[in-house]
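Scroll down for the structure; my scribbles are underneath it.
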Amino acid sequence: MKSAVIVFPGSNCDRDAHDAIERVTGEKPAMVWHQESELPEGTEFVMIPGGFSYGDYLRCGAMASRSAILPAVVAHAATGAPVLGVCNGFQILTESGLLPGALMRNAGLTFVCEKAPLKIDNGNTRFTSRYGSTSELIIPIAHHDGNYFADAETLDRIEGEGQVVFRYGNNPNGSQRDIAGVMNEQGNVLGMMPHPERAVDEKHGGTDGLALFESLLGSA
Amino acid sequence: MKAKIHVYLKPGVLDPQGAAVAGALHNMGYEEVTAARQGKLIELDLTGDDADAAKARVDEMCQKLLSNPVIESYSIEIA
């Protein structure tokens, strides 16, 4: 599967995303600068990596979600192709309107950087199918603005539709209903604050992120 | 012309930073403070002299970039 990683000024997990994708697919993803207006031909999977695009100015992800490449990502998502946003990528996806809700300053006001226990809330998605009977994971988090907010009506709706994919075992940031990752209604766009690309090698201290990429990228 | 845009969190959206500010004021002895909400003030310098047209354009800017309608409201002053 041909993949692309979008790179913004201030992205800092783009290399980790690149390496995780290469590990699973055996193919290097294209690294696409935010000023491009098209994805490389034949791109199937698009990943928006973590970091601090545009220095988190105005709101996290606000400027990036209005950058030149985003209309191409939105159009790509509309075809049903898979899009994954991690951390700042999740913020960019909510700011762009591809995912519901918003990510606010952590309730404790501090940057949190730790291994977070997660529960898979929906194991029947293109992002989680390879986890099998595993329902609890440890995936690293590192963010200052991961406090998921949506109004009660939206929360009820996304829970009802199975769009909540991951929840925190030990809510680190005040997120409504412990939500750590949500997907769109069609099930092809996922945003999550935890970093699966930082848990794909024993040297990372864990490999619980690997099955997410395997689910998506369909390796054996 | 100048536009002043106040962006603030909608009622009902928890504001941890505002709560920390209120807590700090309490600790300093300002017990009359019952709540604090923190927002943003954005100032724009604009060309043109039609205030109504400017306001309509700035309103569009607020909807497209300067505020996030999921969590924020805004008000615009043109001067």
Can you spot a residue in segment A:77-90 that is aromatic (Phe, Trp, Tyr), in a helix (DSSP H, G or I) and surrounded by 24 or more Cβ atoms within 10 Å (Cβ to Cβ)?
yes
Does B:Arg57 count as surrounded by 11 or more Cβ atoms within 10 Å (Cβ to Cβ) and either within 14 Å of chain A (Cβ to nearest Cβ) or under 13 Å from the mean Cα position of the chain (by Cα) (or both)?
no
Sole miss for B:Val7 among (1) out of contact with any strand residue (DSSP E or B) (no Cβ under 7 Å at 6 or more places or on another chain); (2) surrounded by 15 or more Cβ atoms within 10 Å (Cβ to Cβ) is condition (1)
Does segment A:47-61 contain any residue that is modelled with pLDDT of 95 or more, within 14 Å of chain B (Cβ to nearest Cβ), under 16 Å from the mean Cα position of the chain (by Cα) and open to solvent by 10 Å² or more (accessible area, probe 1.4 Å)?
yes
Where a residue in segment B:43-61 is at positive phi and its partner, wherever it lies, is aliphatic (A, V, I, L, M), with Cβ under 7 Å and at least six apart
B:Gly48/B:Met1; B:Gly48/B:Ala54
Being under 15 Å from A:Ala81 (Cα atoms), surrounded by fewer than 22 Cβ atoms within 10 Å (Cβ to Cβ) and free of Cβ contacts under 8 Å to residues at least 60 places away in the same chain is the filter here; which residues of segment A:1-16 pass it?
A:Lys2
Is one or more of the residues making up segment B:65-74 at pLDDT 95 or above and open to solvent by 90 Å² or more (accessible area, probe 1.4 Å)?
no
Qualifying residue in segment A:126-138 (condition: out of contact with any helix residue (DSSP H, G or I) (no Cβ under 9 Å at 6 or more places or on another chain), crowded, with 21+ Cβ neighbours inside 10 Å and away from every other protein chain (no Cβ under 14 Å))
no
Selection from segment B:15-38 of residues that are open to solvent by less than 50 Å² (accessible area, probe 1.4 Å) and not in a helix (DSSP H, G or I):
B:Asp15, B:Gly29, B:Val33, B:Ala36
So A:Ser65 passes all but one of these: (1) over 27 Å from A:Glu159 (Cα atoms); (2) under 15 Å from the mean Cα position of the chain (by Cα); (3) not aliphatic (A, V, I, L, M). Which condition number does it fail?
(1)
Under the condition of being in a strand (DSSP E or B) and closer than 15 Å to B:Ala79 by Cβ, which residue from segment B:40-54 is most open to solvent (accessible area, probe 1.4 Å)?
B:Asp45
Does A:Ala150 satisfy the criteria of being out of contact with any Gly (no Cβ under 9 Å at 6 or more places or on another chain), surrounded by 21 or more Cβ atoms within 10 Å (Cβ to Cβ) and within 14 Å of another protein chain (Cβ to nearest Cβ)?
no
Mind checking which residues of segment A:176-186 are more than 14 Å from chain B (Cβ to nearest Cβ) and outside any strand (DSSP E or B)?
A:Asp178, A:Asn184, A:Glu185, A:Gln186
Can you find even one residue in segment A:187-198 that is within 14 Å of chain B (Cβ to nearest Cβ) and either over 13 Å from the mean Cα position of the chain (by Cα) or among the β-branched types (Val, Ile, Thr) (or both)?
no
Flagged in segment A:92-109 as within 10 Å of chain B (Cβ to nearest Cβ) and over 12 Å from A:Asn184 (Cα atoms), in numbering order, are A:Glu95, A:Ala102, A:Leu103, A:Met104, A:Arg105, A:Asn106, A:Ala107, A:Gly108, A:Leu109
Looking at segment A:100-118, which of its residues are open to solvent by 10 Å² or more (accessible area, probe 1.4 Å) and out of contact with any helix residue (DSSP H, G or I) (no Cβ under 8 Å at 6 or more places or on another chain)?
A:Thr110, A:Phe111, A:Val112, A:Cys113, A:Glu114, A:Lys115, A:Pro117
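The values are calculated or read from the model by the stated rules, or taken from the named source; none is laboratory data. Note that the coordinates shown come from a computational prediction; the quantities given were computed from them, not determined experimentally. Positions of Cβ are generated from backbone atoms using ideal geometry, with glycine treated the same way; all protein chains shown enter the neighbour counts. Ligands, DNA and RNA are excluded from the accessible area calculation, which covers all protein heavy atoms including side chains. Shrake-Rupley method; radii C 1.70, N 1.55, O 1.52, S 1.80 Å.
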